[in-house]
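What follows is a set of notes on a single structure, which appears directly below.
The values are calculated or read from the model by the stated rules, or taken from the named source; none is laboratory data. Only a predicted model underlies this, so the values are computations on that prediction, with no experimental measurement involved. Glycine also receives a Cβ, built like all others from the backbone with ideal geometry; neighbour counts cover every protein chain displayed.
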Amino acid sequence: MGNYNVAYTAPKYWRKQTRKAVVAVSVIGILSLNVNYMKNNVKSFVLLCCALSVGVALSAQSFSVGPRVGLHIANIALEDGLDGIDIETDSRLGVDVGLMLNLEVASGLSLQPELHYIQKGYRLDFELLGLTVDATTTYHYLEVPLLIKYSVGQEAIKFYLNAGPSLGYAVAGREKGELDGQSVDEDIDFEDYELKRTDLSVVAGGGLAIDIGQGATLLMDARYIYGLTNLDDSGDENIAERNRGLGLGLGVLVSIGK
């Protein structure tokens, strides 16, 4: 038998799906390769977001915009550098409210920049050397994810995956609870606490998109937020604090033109 070209003989539908998948993986790969660089260069992330969004917007097949609201189950990955002492943190429940802009570049493939107000943080509840702590730390972030979304399914209902980097800035923080029987309720001074305000994360998740008519789509999704930035700014290499979180949300995208 002669050479058998599978790509050529495959149905057109699957060739299209394959091309879209390759493009999605390629873009995500490019973003991933730049993560280490962006961790130390916030300006590069902002410029990348602007360049990609403008470029995609100019060639987008359709535009849609809408809100997303949900819950964020937040915690941190903590390395305290204290030999023989292991301090465990617990999750805290916060809100996540955002605005989505979806730019479709091909059938099933889109770029989705977002703007969020999101609560992050953690809870401490332990006793150590006679000291009891029961307190919740809350960070209030403005966050800008830049997600690649890949969707499959029928017009009525689709399943989608999305992933990409996210840049956050902590505008405020608060600690509330009890420290050795004494009530604590105070704002966090990031400089005095030696904490960084800027946080670069990787976001990945998936969900369902349901056509509800009149050009509107209902979204139900879950996403995991993996913080890359060490929030500790003390200069001690043995201490690290990185955000972690699981988000559950509902959103609506409304088509505003093609």
Practice problem: For segment 197-217, indicate whether the set of residues that are touching a strand residue (DSSP E or B) at 6+ places or on another chain (Cβ under 6 Å), within 29 Å of G130 (Cα to Cα), part of a loop (DSSP other than H, G, I, E, B) and of a type outside the set (S, T, Y) is non-empty. | Solution: no
Self-check item: Index of the failed condition, D189 passing every other in (1) within 25 Å of E79 (Cβ to Cβ); (2) part of a strand (DSSP E or B); (3) not basic (K, R)
Solution: (2)
Practice problem: Given the conditions (1) surrounded by 15 or more Cβ atoms within 10 Å (Cβ to Cβ); (2) out of contact with any Gly (no Cβ under 8 Å at 6 or more places or on another chain); (3) closer than 22 Å to L93 by Cβ, report the number of the one that V203 does not fulfil. | Solution: (2)
Self-check item: Pick from segment 70-108, criterion buried (at least 20 other Cβ atoms within 10 Å of the Cβ) and farther than 17 Å from N243 by Cβ, ranking: modelled with the lowest pLDDT
Solution: V105
Self-check item: Residue list for segment 145-197, filter: closer than 20 Å to D96 by Cα, surrounded by 14 or more Cβ atoms within 10 Å (Cβ to Cβ) and among the hydrophobic types (A, V, I, L, M, F, W, C)
Solution: L146, L147, I148, L161, A163, L167, A170
Quiz item: Restricting attention to segment 124-144, which residues are closer than 28 Å to D221 by Cα and surrounded by fewer than 16 Cβ atoms within 10 Å (Cβ to Cβ)?
Solution: L142
Practice problem: Among the numbered conditions (1) surrounded by 13 or more Cβ atoms within 10 Å (Cβ to Cβ); (2) among the hydroxyl-bearing types (S, T, Y); (3) outside any strand (DSSP E or B), tell me where Y226 comes up short. | Solution: (3)
Quiz item: farther than 30 Å from S62 by Cα and not aliphatic (A, V, I, L, M), is that true of G173?
Solution: yes
Quiz item: Are there any pairs, at least 6 apart or on different chains, whose C-beta atoms fall under 7 Å, with the first in segment 190-205 and under 9 Å from P165 (Cα atoms) and modelled with pLDDT under 95 and the second of a type outside the set (A, V, I, L, M, F, W, C) and not in a strand (DSSP E or B), and if so, which?
Solution: L200/K39; L200/T229
Quiz item: All but one of (1) buried (at least 16 other Cβ atoms within 10 Å of the Cβ); (2) at pLDDT 95 or above; (3) not hydroxyl-bearing (S, T, Y) hold for L111; which doesn't?
Solution: (2)
Quiz item: What is the number of the single condition among (1) over 23 Å from S91 (Cα atoms); (2) in a loop (DSSP other than H, G, I, E, B) that I148 does not meet?
Solution: (2)
